[in-house]
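> There's a structure below that I have some questions on.
The values are calculated or read from the model by the stated rules, or taken from the named source; none is laboratory data. This is a predicted model, so every value here is computed, not measured. Counting neighbours? That spans all protein chains shown, and the Cβs are built from the backbone with ideal geometry, glycine included.
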Amino acid sequence: MVIHEDIPLHKAILYDKLPDNRAKCNVCQRRCNIADGKVGMCLTRTNRGGDIYSTIYGIASSVAVDPIEKKPVYHYLPGTDCFSMGTFGCNFRCVFCQNWEIAFEDGTKLPAAAGHHVSPEQAVNLALQNGCKTIAWTYNEPSIWLEYTLDCARLAKECGLRTVYVTNGYITPEGLDMMGPYLDVYRVDLKSFSEDFYKKLISVSSPQGILEVTKRAKDKWNMHIETVTNVVPTWNDSVENLGSIARWVRENLGELTPWHVTRFFPCAKLTDVPPTPLETLETARRIGIEAGLKFVYIGNIAAADGQNTVCPNCRTISIRRSGYETHVSAVTLAGKCSNCGADLGIVME
């Protein structure tokens, strides 16, 4: 499957050749066993004669200059712009996917819309020309774009840009290790602690591998990590589930790790569930704080206390946010509260 007939296939990395011209892809935890002439679950990696090729190298569905807070990333270069890129395809099948138009149409084919070819050199140059401090791969799952994001990230680091993955976390350990030396920020979705949620709404058997790779990103590669849970009414909004996520983040990533609890909106195939009430998000925030997290943010909805960064020690408002407008008021260059010196876990320029 090729989105652009005039763009050559790009030889993939991280796969095993198997008998009968089959090949096993090792980029994501599905580890698809792909027959000759077929594609993997992400719809972007094809077997040609026993070798796997990417059909989306350099193919961008979306390119934009965003505030880094839009990712959402609140504790890394706050108030700066981020050059954001997405492609086509996904290794998840979230029935509530907000970007299903670029992820998949019906689970068997990619959208018919053509993207734009952007070389790694062009991507980095565009980021620099637009005054961005970071380059992010986002909008759909970046790990399926591994060959391209790796080439971009290497070049970005040479040019002084920081790098961001906005990910569902289903990359394999060896995939993460390839990106590790070149990836600064790992903004990961922790959708639920429930296997039932992942099986029924995402077509993934368990979140365990996501948790393990996220911890690896922290422990082995010292990436800056921020976590997001899109709170879906009746599906992952129980006190037990939210408490389990919050405790895992504190125990495995640290108390300064931001946890963003965001509002669900009916989308794609999950239109019979109402938007998340503000009260539910406020409850989730309280659960996170009670579990020991210092920074729990409410997203996708206006909330009086849900977006500002407040020093957990002296209660000074360190960063004030209104929508995507950000004002850094009390943070030192070392990422500490300028009033009392408490560590806020913020990376400044």
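Residue by residue, here is whether (1) touching a His at 6+ places or on another chain (Cβ under 7 Å); (2) within 23 Å of R321 (Cβ to Cβ) holds:
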residue: P67; (1), (2): no, yes
residue: N91; (1), (2): no, no
residue: C94; (1), (2): no, no
residue: H116; (1), (2): no, no
residue: L126; (1), (2): no, no
residue: T138; (1), (2): no, yes
residue: E147; (1), (2): yes, no
residue: N168; (1), (2): no, no
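> Looking at region 153-175, is at least one residue assigned to a helix (DSSP H, G or I), farther than 18 Å from C25 by Cα and touching a residue at least 40 places away in the same chain (Cβ under 8 Å)?
Among the residues of region 153-175, not one is assigned to a helix (DSSP H, G or I), farther than 18 Å from C25 by Cα and touching a residue at least 40 places away in the same chain (Cβ under 8 Å), which makes the answer no.
> Further question on the same structure: When you scan region 296-349 for strands (runs of 3 or more DSSP E) that lie fully inside it, which ones turn up with 3 or more residues that are in contact with a Lys or Arg (Cβ under 9 Å, 6 or more places away or on another chain), touching a residue at least 24 places away in the same chain (Cβ under 8 Å) and of a type in the set (D, E, K, R)?
none
> Among the listed residues D51, D66, identify the single one that is charged (D, E, K, R) and either over 30 Å from N21 (Cα atoms) or under 14 Å from the mean Cα position of the chain (by Cα) (or both).
Exactly one residue qualifies, and that residue is D66.
> Which of the following residues is among the basic types (K, R) and on the phi > 0 side of the Ramachandran plot: R247, R286, R315?
On inspection, the qualifying residue turns out to be R315.
> Continuing with the same structure: Residue check: is T149 in a strand (DSSP E or B), modelled with pLDDT of 95 or more, in contact with a Phe, Trp or Tyr (Cβ under 7 Å, 6 or more places away or on another chain) and not aromatic (F, W, Y)?
no
Yes or no, residue by residue, for (1) farther than 17 Å from T257 by Cβ; (2) outside the structural domain of R263 (by TED's automatic domain parsing); (3) over 22 Å from the mean Cα position of the chain (by Cα):
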position: I287; (1), (2), (3): no, no, yes
position: K294; (1), (2), (3): no, no, no
position: I298; (1), (2), (3): no, no, no
position: R315; (1), (2), (3): yes, yes, yes
position: I319; (1), (2), (3): no, yes, yes
position: H327; (1), (2), (3): yes, yes, yes
position: A334; (1), (2), (3): yes, yes, yes
position: S338; (1), (2), (3): yes, yes, yes
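> Right, here's the next one. Does R285 fit the bill of being more than 28 Å from G131 (Cα to Cα), of a type in the set (K, R) and either in contact (Cβ under 8 Å) with a residue 24 or more places away in the chain or in a helix (DSSP H, G or I) (or both)?
Yes.
> Okay, next question. Only one of C97, C42 is in contact with a Gly (Cβ under 6 Å, 6 or more places away or on another chain) and within 28 Å of V232 (Cα to Cα). Can you tell me which?
So the residue among C97, C42 that is in contact with a Gly (Cβ under 6 Å, 6 or more places away or on another chain) and within 28 Å of V232 (Cα to Cα) is C42.
Residue-wise test of (1) surrounded by fewer than 19 Cβ atoms within 10 Å (Cβ to Cβ); (2) outside any helix (DSSP H, G or I); (3) over 16 Å from the mean Cα position of the chain (by Cα).
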position: V188; (1), (2), (3): no, yes, no
position: K191; (1), (2), (3): no, yes, no
position: D196; (1), (2), (3): yes, no, yes
position: L201; (1), (2), (3): no, no, yes
position: S206; (1), (2), (3): yes, yes, yes
position: R216; (1), (2), (3): yes, no, no
position: N222; (1), (2), (3): yes, yes, yes
position: V228; (1), (2), (3): no, yes, no
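> Then there is this: Evaluate region 233-250: report whether one residue or more is among the aromatic types (F, W, Y), without any contact (Cβ under 8 Å) to a residue 60 or more places away in the chain and either farther than 28 Å from E174 by Cβ or crowded, with 22+ Cβ neighbours inside 10 Å (or both).
Yes; the residues of region 233-250 include at least one that is among the aromatic types (F, W, Y), without any contact (Cβ under 8 Å) to a residue 60 or more places away in the chain and either farther than 28 Å from E174 by Cβ or crowded, with 22+ Cβ neighbours inside 10 Å (or both).
> If I go through region 12-46 residue by residue, how many of them are aliphatic (A, V, I, L, M) and under 23 Å from the mean Cα position of the chain (by Cα)?
6
> Can I ask one more? Somewhere in region 261-273, is a residue in contact with a strand residue (DSSP E or B) (Cβ under 8 Å, 6 or more places away or on another chain), at pLDDT 95 or above and among the hydroxyl-bearing types (S, T, Y)?
yes
Results for (1) modelled with pLDDT under 95; (2) polar (S, T, N, Q); (3) in contact with a Pro (Cβ under 7 Å, 6 or more places away or on another chain); (4) more than 17 Å from I68 (Cα to Cα), shown as yes or no for each residue.
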residue	(1), (2), (3), (4)
T276	no, yes, yes, yes
K294	no, no, yes, yes
N300	yes, yes, no, no
N313	no, yes, no, yes
V328	no, no, yes, no
